[in-house]
Structure formats: C-alpha cells, structure tokens
Amino acid sequence: MEVSPPPNWNIAIERAKSSNIPSVYEILRRHPYLIDLAKELRKAKEEVIRNFDYYIDLTRKSVERIGGRFYLAERPEDAREIVGKIVGTGKIVVMSKNNVATETGLRQYLQSLGNEVWETDLGEFLIQIANEEPSHILAPALHMTKERIAQVMKERLGIDVPPDPVAIAQRAREFLRDKFLRAHVGITGANAIAADTGAVLLVENEGNIRMTSILPAVHIVYDGIEKIVPTLYHAMIETLVQAAYAGLYPPTYVNLTAGPSSTADVEMFRVSPAQGPKEFHMVLIDNGRRRAAKDPVLWEILLCIRCGRCSMHCPTYWAVGPRFGKPPYTGPMGIPWTAVTRGIMEAGPAAMLCTHSGNCKEVCPMGIDLPKLILHIKSEYLRQVLKR
Amino acid sequence: MESWVRALIDIVRRSLETNSLPIPMDKSNCTEWARELNIPRGGDTIIYTSCMYQMAPMINQLVPWIEKVRGTPLTSLAGFLSRFAGLVIKPNRADIDRANNIMRSIVKALQRAGVSFGYLYEDEPYSGALLYELGAVDQFREYFEERVLKTFEKYGVRRVITIDPHTHYVLTNVAPKYFKLGFEVINYLDLLRNIRVKPKFSGEVVIHDSCLYARYLGKYDVYRAILDNAGVRHVEDPLITGKDTSTCCGGPLESLSPGLSRDIAKIRIQNLARLSRTVVTVCPICLANLSRNAEGAVQVLDINEVVEAE
C-alpha cells in the first residue's frame with residue numbers, strides 16, 4: 001500500500017514552505033529573546049506535566065474564583081456532552097480553530113443536537129464548507145490551492161469569488177460577520193491557560209477569536225489539559241513563542257480572557273455581564289493525556305505548543321502531507337499526538353513512514369525529541385503487529 | 001501496511017539468518033574489494049564496513065523489485081521469494097566496481113592517516129541498523145547481541161573504524177543503550193579530516209548531508225572541512241544545506257515504501273539541483289537512493305570520489 005498526498009499537494013506545500021520557513025528564521029534573527037523564552041516555557045510546562053492533578057485543581061479554583069465554571073472531561077464523549085448541555089439546541093454557535101474540537105468531533109455533535117455551527121477561522125471555515133479534514137495543525141486548509149477554494153465557495157455557498165487570497169478573505173468576512181452578530185455561543189480553544197488566575201490566552205491574526213470570545217453571551221473554552229501553565233506570566237510567554245515559531249510575529253492579537261464581562265461603574269458595585277459574555281465556561285479534556293504524562297517516552301509530546309514548524313521541515317510531510325498522521329494531528333508532532341489520543345495502533349502505520357531525518361527535533365521550539373518518540377511508536381506498533 | 005511490514009521484517013530476519021545480510025545477496029560481494037590488499041584478518045583495530053557500500057549495488061536492483069511485489073498477493077510469499085531473489089537478481093557490475101573503488105579509496109586514506117587495522121572478511125557481521133530503523137527494536141537487540149557482539153568478542157576487537165553513518169549511529173547511539181560495549185568507535189571521516197587530501201574532481205559541488213551525520217552525530221562540519229582541505233568548493237544555502245534544513249534522501253523508506261522513498265528523493269534532488277549539478281554524498285544509502293532517482297538532473301558522487309588522500 002503506497003501513500004499518496006491530496007490533489008495539488010505539491011503546489012500547496014511548496015507555496016507554504018517558501019513563505020513560512022524563511023519567515024521563522026527571520027523572526028528569530030530579529031528577536032533573539034524568543035529563543036530564551038522558549039527555553040523558559042519548556043521548564044514551566046514540564047512542571048505542569050509532572051504535577052497534572054495539582055495544576056488542574058489549581059486551575060479549577062482560579063476559574064471559579066473569577067466567576068467561571070470549570071469542567072474536567074475524561075473522554076471525548078464526556079467533553080462533548082458537557083458542551084452540549086451548555087449550548088442546548090436551536091442555537092447559533094461560532095467556533096474559532098480548535099484541534100481538540102476536531103479530536104473530539106465537537107462541531108458534528110453540536111450540529112446533531114440541532115444547532116447551526118460555524119467555524120470562523122478562515123482555514124477551518126474553508127474545510128468546513130468543503131467537508132474535508134484539516135491538513136496542517138495551524139493552517140488546516142493548507143492542502144487547498146486558491147483555485148480550489150474559489151471553486152468550493154461557489155459550489156457550496158453560491159458565492160462568486162476570484163482565486164485571489166484578498167477576495168477570498170473579503171467574502172468569507174462578509175458571510176461570517178452576520179453569524180457572529182447572531183451567535184448565542186462562542187467556543188474557543190486556548191493557547192495557554194494560567195493556573196494561578198484562570199486566565200485564558202489566545203493568539204491570532206484574523207480577529208475571529210476576539211469576536212468569538214466577546215460577541216456571544218456565552219463563551220466556552222474547550223481544550224486539552226496540557227494547555228495549563230503555572231502562571232499568567234508563562235501563559236503570555238506561550239502566546240509569543242507560539243506565534244513566532246509559527247512564522248507570524250508579532251501576532252496581530254493576543255486575547256486574554258479571565259471570566260465573564262463585568263462593570264463596577266455604578267456605585268463601584270461589580271455586576272456581570274457588561275458588554276461581553278455573561279457566562280464563562282472552561283472544559284478541559286484528558287483523553288489519554290494524564291496517562292501519557294506518566295509514559296517515559298511519550299510524555300514529551302505534551303510540551304508541544306502546536307506551532308506546526310516540524311511539519312514545514314519534514315520530508316515525509318512534504319511528500320504526503322496530512323496522510324502522514326491522522327487529522328487533526330498530522331506531521332511529526334501528529335504521530336505522538338495520535339498515539340496519545342487514539343492509541344498506538346492508530347498512530348503506528350503513519351509512524352512507519354518516518355525517515356528519522358531529524359529536522360523536526362532541530363526546529364522544535366520546545367526541543368521535543370520527535371524522532372525518538374516516533375521510533376518508540378514504531379516499535380510498540382511492530383510489537384503488536386508481529387504478535388498477531 | 002500491516003501485512004507488508006510483517007513480510008518485510010520476515011524477509012530481513014530470514015536473510016540475516018541465511019547470509020548475515022539484511023537483503024538477499026551473495027556475501028562474497030562484501031569482501032571483493034579487499035582482494036590483494038593484504039589487510040590482516042582480525043586484530044585490535046578493525047575497519048567495519050557492515051557491507052554498506054557493497055550492498056548499495058544490490059539495493060539498486062532490489063528496490064524496483066520490491067515495488068512490484070509490494071501490495072500484490074505475492075506479499076505473502078515474500079519470505080519464500082526472498083530466498084530466491086539472491087539467485088535471480090544480480091547487481092550491476094559497474095556498480096560493484098564503483099563501490100569497490102570507494103572502499104579502496106577509504107582504505108588508502110586510513111593507511112595515510114597512519115592507522116593499522118584489520119578486517120573480519122566474511123566473518124564481518126552486518127550491524128542490524130535496518131532492523132532498528134524499521135522499529136523492530138526487540139529483533140535488533142537480539143540480533144546485535146548474538147551476531148555483532150559475539151563476533152567482536154571472538155576476535156578481541158578493541159577499536160572499530162566505521163565508514164558509514166548508519167553503522168556508526170548504531171554503535172555510538174543505539175547499542176550502548178542496551179549493552180556495555182568493550183570497544184571504542186571511531187568514524188573514518190574524523191581521521192580523514194586530519195590528513196592531507198587532494199581533489200579528484202574539479203568544479204563546484206553541493207553537499208547532501210547524511211541526516212545521521214548532520215543531526216544525530218555532530219559531523220556536519222567534519223566532511224565540509226575535508227572538502228575545504230582538498231580545495232573543493234561547496235555551494236551552501238541555509239535553507240537547503242543548513243544543519244536544520246538539509247533533508248532526507250528517502251533511503252530509509254526504500255524497502256518499506258519505495259514510492260514514497262522516491263518522492264522524497266525527487267524533492268531533495270530538485271532542491272540540490274538549484275545549487276549545483278554535482279551532489280556529494282557521505283553515506284552509501286544516500287548515494288544509492290539519490291543516484292537511482294537523479295534522472296540526469298544531477299550527478300551524485302561519494303565524497304571518496306571527490307577527494308583522496310595525498
């Protein structure tokens with residue numbers, strides 16, 4: 001069985017590489033402090049991974065202190081149900097790009113409850129309307145050329161648009177603006193969650209996260225427990241490091257959300273809501289993460305900040321794209337993430353395609369020894385296969 | 001994937017049992033280069049070829065064959081076929097002569113470096129690198145202990161000179177995780193770096209790094225220094241030949257997924273060709289895989305075909 005990439009993959013990945021790879025090197029050359037921040041962040045994340053239960057509990061207390069509600073979900077179905085109960089039915093839901101939502105099938109679940117659900121990140125929106133799977137951890141529509149995007153927008157939404165990135169962004173904005181204004185619930189992920197304050201940090205360039213987290217009356221933060229860092233200071237660092245290694249620095253927006261909106265302008269008495277949401281919920285999912293934290297090899301993937309740089313430097317990813325891994329977790333980081341969230345047998349066949357070229361380890365801001373993790377998955381997979 | 005992986009590991013293991021090589025090949029091809037060189041058998045210090053350069057000609061013939069067998073019902077017969085492959089498929093004579101010349105060039109360099117060394121001839125075991133790289137870690141450990149360690153112990157080897165990155169990596173980074181090795185490991189490039197060398201080739205080249213040498217074994221600068229010493233100009237581009245950015249030749253996948261291996265090779269060749277029409281490799285697997293897929297876009301030469309000891 002040979003593995004082949006999606007149609008036009010080679011064109012799409014060449015375009016992405018030629019713009020992204022030089023950008024990251026240039027950003028790091030211009031702002032060398034980012035390299036030190038990345039090292040500091042790794043230490044902070046290691047501390048949380050070693051003491052998950054303690055930090056989850058601390059996060060819970062902090063979120064409740066700032067007027068939010070906190071939920072810990074063991075399995076994907078638990079997480080979906082929690083959100084389903086908050087959302088209910090017949091609502092308009094806007095979502096910002098969220099790999100854990102894809103990991104747990106959240107959008108489809110909310111739709112099945114009778115809600116109208118829209119992805120608001122342009123890339124995620126495009127694969128939603130094309131009904132396809134994400135191909136890159138950060139740029140989910142990486143596999144779609146501008147020509148294909150124009151075709152999909154015409155076919156699925158009846159929107160006429162030339163194959164031009166500016167026009168595509170413009171039309172998508174017009175379409176989604178109406179959804180934002182009418183939405184009841186906004187669901188975001190988190191780049192980092194500060195255990196000491198319950199604050200959530202999200203980094204973006206489009207502005208869709210800001211609107212998702214501000215316009216609807218209910219804001220749900222939905223992500224994995226590995227997003228927790230000890231303090232708000234570390235959470236700030238994570239947004240900067242993630243943006244830089246993704247090649248987008250400075251990020252256009254960094255959003256900090258710590259609870260529902262409130263005002264104390266009338267007689268200094270604090271009331272909620274004000275202009276922003278009146279409800280703030282945080283749903284964190286385990287789905288194999290705490291078990292992985294105890295694994296002597298796999299634990300390291302929990303450090304991943306999802307910048308996607310490893311994929312940009314991986315020869316197997318260049319050749320087969322999202323077929324190297326299982327969406328949403330593709331590319332070098334996707335193999336261990338698939339193992340954590342779906343098990344070794346799901347991750348194994350993709351792991352076998354690793355050439356151990358080692359570029360991923362060199363470019364990883366967290367210094368994760370990805371080739372070692374992937375080899376470990378190969379060997380565990382083969383143990384099972386050869387036993388049969 | 002599952003059935004082919006099983007079949008492939010089966011082929012490798014059977015082959016190792018029958019001819020001590022991971023592929024079905026006549027073992028005499030491993031030692032042909034040493035004829036008339038009068039290298040002593042065994043000794044304190046040995047050259048350890050692991051038959052890597054010598055296997056490359058056979059690999060070139062086998063990969064297209066694997067591509068045909070893979071995914072067909074023949075897969076289940078792979079183990080059976082593998083025993084006959086060695087009889088049916090013959091490496092190309094020109095390829096064999098070329099590999100032997102590279103070997104002789106390495107030996108000459110070692111002699112110039114003042115190293116006296118022996119060779120284990122037909123008793124030299126393959127390192128087991130392919131098993132490890134495929135992820136068959138348990139099978140690797142068993143094989144390495146049984147064949148490699150025992151042979152080295154039997155000959156009282158104290159110092160091993162490796163001439164390729166895969167064998168070197170196994171001896172320095174893999175085996176010590178599982179075994180206490182009673183011998184020292186040196187890579188020939190570190191010796192070559194300190195002797196006077198001259199160019200065998202005039203013109204500019206581009207280096208195709210071995211992933212293992214560049215990113216796992218800290219030798220990125222070593223072969224560059226050798227080319228510099230010989231006055232061979234190598235074109236560099238931080239996005240193509242940088243330590244982080246130089247990528248795989250596709251070789252490690254040639255048995256498991258020949259099509260993907262070829263796609264990766266082609267991407268690499270395309271990038272290298274932007275810098276020079278002559279590519280210099282430092283690994284026999286890179287040499288084989290890039291050459292097989294070059295299709296005239298570049299010529300691929302081993303470092304020993306570009307520089308030689310004075």
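Does residue B:33 fit the bill of being among the hydrophobic types (A, V, I, L, M, F, W, C) and at pLDDT 95 or above?
Taking the combined requirement at face value, the residue satisfies it.
Could you tell me whether any residue of segment A:344-352 is under 26 Å from residue A:244 (Cα atoms), over 20 Å from the mean Cα position of the chain (by Cα) and in contact (Cβ under 8 Å) with a residue 24 or more places away in the chain? Full working, then the answer.
Initial filter on segment A:344-352 (under 26 Å from residue A:244 (Cα atoms)): none.
No - not one qualifying residue is present in segment A:344-352.
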Checklist outcome for this item: The one condition residue B:132 fails out of (1) open to solvent by 30 Å² or more (accessible area, probe 1.4 Å); (2) among the hydroxyl-bearing types (Ser, Thr, Tyr); (3) within 28 Å of residue A:387 (Cα to Cα) is (1)
Checklist entry - Mind checking which residues of segment B:125-148 are within 15 Å of the chain's Cα centre (by Cα) and acidic (Asp, Glu)? => result B:133
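Looking only at segment B:205-243, count every residue that is part of a loop (DSSP other than H, G, I, E, B), acidic (Asp, Glu) and either away from chain A (no Cβ under 12 Å) or open to solvent by less than 40 Å² (accessible area, probe 1.4 Å) (or both) and tell me the total.
Taking segment B:205-243 as the starting set, the residues that turn out to be part of a loop (DSSP other than H, G, I, E, B) are B:209-210, B:217-219, B:231-233, B:236-243.
Next, from what is left, pick out any that are acidic (Asp, Glu): B:209, B:236-237.
Okay, now just the ones that are also either away from chain A (no Cβ under 12 Å) or open to solvent by less than 40 Å² (accessible area, probe 1.4 Å) (or both), so B:209, B:236.
Total satisfying the criteria: 2.
Would you check if residue A:42 is surrounded by 15 or more Cβ atoms within 10 Å (Cβ to Cβ), more than 11 Å from chain B (Cβ to nearest Cβ) and in a helix (DSSP H, G or I)? I'd like the intermediate steps shown before the answer.
Values: surrounded by 15 or more Cβ atoms within 10 Å (Cβ to Cβ): yes; more than 11 Å from chain B (Cβ to nearest Cβ): yes; in a helix (DSSP H, G or I): yes.
Yes: the conditions hold for residue A:42.
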Checklist entry - Given segment A:62-140, what helices (runs of 4 or more DSSP H) lie entirely inside it while holding 1 or more residues that are closer than 27 Å to residue A:292 by Cβ and open to solvent by 20 Å² or more (accessible area, probe 1.4 Å)? => result A:76-87, A:99-104, A:106-112
Item to check | segment A:342-388, residues that are charged (D, E, K, R) and closer than 23 Å to residue B:247 by Cα | outcome: A:361, A:362, A:369, A:372, A:378
Checklist entry - Looking at (1) open to solvent by less than 20 Å² (accessible area, probe 1.4 Å); (2) touching an Asp or Glu at 6+ places or on another chain (Cβ under 6 Å); (3) more than 10 Å from chain A (Cβ to nearest Cβ), which is the one condition that is false for residue B:261? => result (3)
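Keeping to segment B:169-204, report how many residues are assigned to a helix (DSSP H, G or I) and open to solvent by less than 10 Å² (accessible area, probe 1.4 Å). Spell out how you get there, then give the answer.
Initial filter on segment B:169-204 (assigned to a helix (DSSP H, G or I)): B:169-178, B:188-192.
Still in the list and also open to solvent by less than 10 Å² (accessible area, probe 1.4 Å): B:170-171, B:174-175, B:188-189, B:192.
Going through segment B:169-204 one residue at a time, the tally reaches 7.
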Next on the checklist: Can you find, within segment A:358-388, the residue that is farthest from the chain's Cα centre (by Cα) among those that are at the interface with chain B (Cβ under 7 Å from one of its Cβ atoms) and among the hydrophobic types (A, V, I, L, M, F, W, C)?
Outcome noted: A:386
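Could you grab me the full set of residues in segment A:173-189 that are outside any helix (DSSP H, G or I) and open to solvent by 70 Å² or more (accessible area, probe 1.4 Å)? Spell out how you get there, then give the answer.
Of the residues in segment A:173-189, the ones outside any helix (DSSP H, G or I) are A:183-189.
If the condition is that a residue be outside any helix (DSSP H, G or I) and open to solvent by 70 Å² or more (accessible area, probe 1.4 Å), then A:184 is the only one that fits.
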Checklist outcome for this item: Flagged in segment A:3-33 as outside any helix (DSSP H, G or I), over 24 Å from residue A:353 (Cα atoms) and open to solvent by 50 Å² or more (accessible area, probe 1.4 Å), in numbering order, are A:32
Item to check | Which numbered condition residue A:213 fails, given (1) crowded, with 19+ Cβ neighbours inside 10 Å; (2) touching a helix residue (DSSP H, G or I) at 6+ places or on another chain (Cβ under 8 Å) | outcome: (2)
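Being facing another protein chain (nearest Cβ under 9 Å), in contact (Cβ under 8 Å) with a residue 40 or more places away in the chain and polar (S, T, N, Q) is true for just one of A:355, A:330. Which residue is that? Before the answer, list the steps.
Numbers: A:330 fails: facing another protein chain (nearest Cβ under 9 Å).
Checking each option against the conditions leaves just A:355.
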Checklist entry - Taking into account only those residues within segment A:229-250 that are under 17 Å from the mean Cα position of the chain (by Cα) and open to solvent by 20 Å² or more (accessible area, probe 1.4 Å), which is farthest from residue A:199 (Cα to Cα)? => result A:248
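The values are calculated or read from the model by the stated rules, or taken from the named source; none is laboratory data. Quick caveat, the model's predicted, so the values are computed rather than measured. Don't worry about glycine lacking a Cβ; one is built from the backbone with ideal geometry, like all the others, and counts go over all protein chains shown. Only protein heavy atoms, including side chains, enter the accessible area calculation; ligands, DNA and RNA are left aside. Shrake-Rupley method; radii C 1.70, N 1.55, O 1.52, S 1.80 Å.
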